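Report on the following structure.
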Amino acid sequence: MALPLLGLGFMIATRSALDAGPVHVGQMIEPLRGGTEAAASRRTQLLQLCGLYAVATALVMLASDTVDGGAFEKLQVLLATARDANKQRELDELLADDGLLQGLLLRVSGTALLSIPFWHAPALIWWQGQGIGQSLFSSTLACWRNRGAFLVYALAWTVTIVVFAVVAGGVFALLGMPQLVTLAAVPAGLMFSTAFY
């Protein structure tokens with residue numbers, strides 16, 4: 001539910017930086033602060049949008065869990081724990097499961113398709129005063145009109161994440177500690193998500 005709000009917070013901070021203003025953590029929650037009656041109305045719309053995003057995301061994840069039969073959750077547990085020969089065998093069997101691949105594809109494509117209408121919607125509600133439906137439509141239209149740039153953007157991030165995974169996996173394998181890849185993924189994910197937004 002917080003993702004659209006955090007996206008708007010990044011936009012507010014960026015707008016402030018471009019206007020040579022200050023950038024601070026408080027900008028992440030600026031839309032939740034008090035203000036005029038118009039700001040209260042936009043805040044209500046924004047919170048409803050966040051709730052809609054949470055419900056839609058939960059439905060995508062529920063559908064993905066149904067398709068893969070819980071294999072993705074098992075994969076996360078296996079990757080987070082130290083591996084012995086039995087766990088490595090279990091991991092290999094899990095990676096060979098077609099349900100896992102189908103669930104992963106549904107997760108990735110579902111969240112990607114979900115992000116399109118929600119990408120610009122918070123800003124359109126907050127700065128333009130659009131309603132939820134209009135902001136979702138306008139965001140989708142903006143993404144469609146810029147689909148070439150978004151495709152290049154998506155490919156660049158895909159390559160970045162794959163290269164990180166390969167390099168981190170190789171480095172930790174050479175050090176004899178492949179289980180630490182998941183530990184390195186957490187700070188890397190935080191840095192990547194900050195750069196992404």
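In this structure, Ile161 does not satisfy being open to solvent by less than 70 Å² (accessible area, probe 1.4 Å), assigned to a helix (DSSP H, G or I) and of a type in the set (A, V, I, L, M, F, W, C).
For the range 23-49, filtered to residues that are over 11 Å from Leu5 (Cα atoms), open to solvent by 70 Å² or more (accessible area, probe 1.4 Å) and of a type in the set (A, V, I, L, M), the residue that is modelled with the highest pLDDT is Val23. Does any residue of the range 110-124 turn out to be under 15 Å from Leu3 (Cβ atoms), of a type outside the set (Phe, Trp, Tyr), in contact with a Pro (Cβ under 9 Å, 6 or more places away or on another chain) and open to solvent by less than 40 Å² (accessible area, probe 1.4 Å)? For the range 110-124, residues under 15 Å from Leu3 (Cβ atoms), of a type outside the set (Phe, Trp, Tyr), in contact with a Pro (Cβ under 9 Å, 6 or more places away or on another chain) and open to solvent by less than 40 Å² (accessible area, probe 1.4 Å): present. Within the range 16-32, the presence of a residue that is assigned to a helix (DSSP H, G or I), out of contact with any helix residue (DSSP H, G or I) (no Cβ under 9 Å at 6 or more places or on another chain) and over 20 Å from Ala123 (Cβ atoms) is excluded. In the range 30-54, the residues that are among the basic types (Lys, Arg) form Cβ pairs under 8 Å with partners that are assigned to a helix (DSSP H, G or I), at six or more places apart or across chains, as follows: Arg42/Pro31; Arg42/Ile125; Arg42/Trp126; Arg43/Pro31; Arg43/Leu32.
When every residue of the range 69-80 is checked against the conditions, at least one turns out to be open to solvent by 70 Å² or more (accessible area, probe 1.4 Å), outside any loop (DSSP other than H, G, I, E, B) and of a type in the set (Val, Ile, Thr).
If I go through the range 50-63 residue by residue, how many of them are within 12 Å of Ala2 (Cβ to Cβ) and surrounded by 14 or more Cβ atoms within 10 Å (Cβ to Cβ)? Residues flagged as within 12 Å of Ala2 (Cβ to Cβ) and surrounded by 14 or more Cβ atoms within 10 Å (Cβ to Cβ) within the range 50-63 amount to 4.
Selection within the range 93-109: residues that are out of contact with any Asp or Glu (no Cβ under 9 Å at 6 or more places or on another chain) and open to solvent by less than 80 Å² (accessible area, probe 1.4 Å). The member of this set that is modelled with the highest pLDDT is Ser109. Among the residues of the range 98-107, is there at least one that is among the acidic types (Asp, Glu), within 30 Å of Ala168 (Cα to Cα) and not in a helix (DSSP H, G or I)? Within the range 98-107 (the criterion being among the acidic types (Asp, Glu), within 30 Å of Ala168 (Cα to Cα) and not in a helix (DSSP H, G or I)), the answer is no, since none of the residues qualifies.
The values are calculated or read from the model by the stated rules, or taken from the named source; none is laboratory data. None of these values were measured; they are calculated from a predicted model. Virtual Cβ from ideal backbone geometry, glycine too; neighbours counted across all protein chains shown. Ligands, DNA and RNA are stripped out before the accessible areas are found, and what is left, the full protein with its side chains, is counted by its heavy atoms. Shrake-Rupley method; radii C 1.70, N 1.55, O 1.52, S 1.80 Å.
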